[in-house]
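**Student:** Got a structure for you, questions after.
The values are calculated or read from the model by the stated rules, or taken from the named source; none is laboratory data. All figures in this text were calculated on a predicted structure; none of them were measured in a lab. Neighbour counts run over all protein chains shown; Cβ positions are idealised from the backbone, glycine included. To get the accessible areas, we keep the full protein, side chains included, count just its heavy atoms, and leave off ligands, DNA and RNA. Shrake-Rupley method; radii C 1.70, N 1.55, O 1.52, S 1.80 Å.
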Amino acid sequence: MVLCESLLEQIDACGKARQLERAFAVLGEMQHAGVRPDAVSYTCLIDACGRSLQIERAIEVVQQMQQAGLRPNTAAFTSLIDACGRALEVDRAFRIMAYMAQIGVPPNTATYTSLIDACGRAQQIDHAFALFDHMQGLGMAPNAATFTTLISACAKCGDLEKALVVLQQMNAANVPPDTITYTALISACSRTQ
């Protein structure tokens, strides 16, 4: 168990350092040590691919996961959507969300937050707000990360007015803003035209 956790931490660290080949090597070490990768292992590797903007490789990891007899879960697909967002492949992110529905994997707040982030990165603010409204319509309450991501999307588009509206909604929902939220608001102020 300790070996597995240590190897997962290594995969995560490699992903954050954008050392993708090393992350794959750690997964190989894990298998060589007789530790069967689980959904968490594969999800860490998907995240590492996303941080390196290697979407095709991330999709290959999902396929490897399936070949290993593991069904990709919400966390794995959320990491894949996040990877698409980082690479500005918003259409692909929406297709992944549709595929999740098709195979019966339910999205969660983190999934919607990642998709909102993808829209924000691509400056598709109307899509970001539509997703925000849609998730609430499904009964999913946005959390601090969701509100902050939407504020950040507004900042990327230079729309301070909308960012402040989102902050008001955040306060009305009794979700306290944090340092990241205020940083996103400052960014919106600096980008306002």
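**Student:** Would a scan of the stretch 29-41 turn up a residue that is within 13 Å of the chain's Cα centre (by Cα) and either closer than 25 Å to A101 by Cα or not aliphatic (A, V, I, L, M) (or both)?
**Tutor:** Looking through the stretch 29-41, none of the residues is within 13 Å of the chain's Cα centre (by Cα) and either closer than 25 Å to A101 by Cα or not aliphatic (A, V, I, L, M) (or both).
**Student:** Looking only at the stretch 101-109, decide whether some residue is closer than 24 Å to C157 by Cα and out of contact with any strand residue (DSSP E or B) (no Cβ under 7 Å at 6 or more places or on another chain).
**Tutor:** Yes: one or more hits.
**Student:** So D133 passes all but one of these: (1) closer than 24 Å to S79 by Cα; (2) open to solvent by less than 70 Å² (accessible area, probe 1.4 Å). Which condition number does it fail?
**Tutor:** Only one criterion is unmet by D133, namely (2).
**Student:** I'd like to know if the stretch 45-68 contains one or more residues that are over 26 Å from Q124 (Cβ atoms), touching a residue at least 24 places away in the same chain (Cβ under 8 Å), open to solvent by less than 60 Å² (accessible area, probe 1.4 Å) and not in a helix (DSSP H, G or I).
**Tutor:** Within the stretch 45-68 (the criterion being over 26 Å from Q124 (Cβ atoms), touching a residue at least 24 places away in the same chain (Cβ under 8 Å), open to solvent by less than 60 Å² (accessible area, probe 1.4 Å) and not in a helix (DSSP H, G or I)), the answer is yes, since at least one residue qualifies.
**Student:** From the residues in the stretch 136-161 that are open to solvent by less than 70 Å² (accessible area, probe 1.4 Å) and of a type in the set (D, E, K, R), which one is farthest from the chain's Cα centre (by Cα)?
**Tutor:** Restricting to residues being open to solvent by less than 70 Å² (accessible area, probe 1.4 Å) and of a type in the set (D, E, K, R), the top hit is D159.
**Student:** While we're on this one: Give just the number: which of (1) over 20 Å from the mean Cα position of the chain (by Cα); (2) surrounded by 13 or more Cβ atoms within 10 Å (Cβ to Cβ) does T181 not satisfy?
**Tutor:** (1)
**Student:** If you go through the stretch 24-44, how many residues are closer than 17 Å to R71 by Cβ, among the β-branched types (V, I, T) and surrounded by 19 or more Cβ atoms within 10 Å (Cβ to Cβ)?
**Tutor:** Residues that pass the stated criteria total 1.
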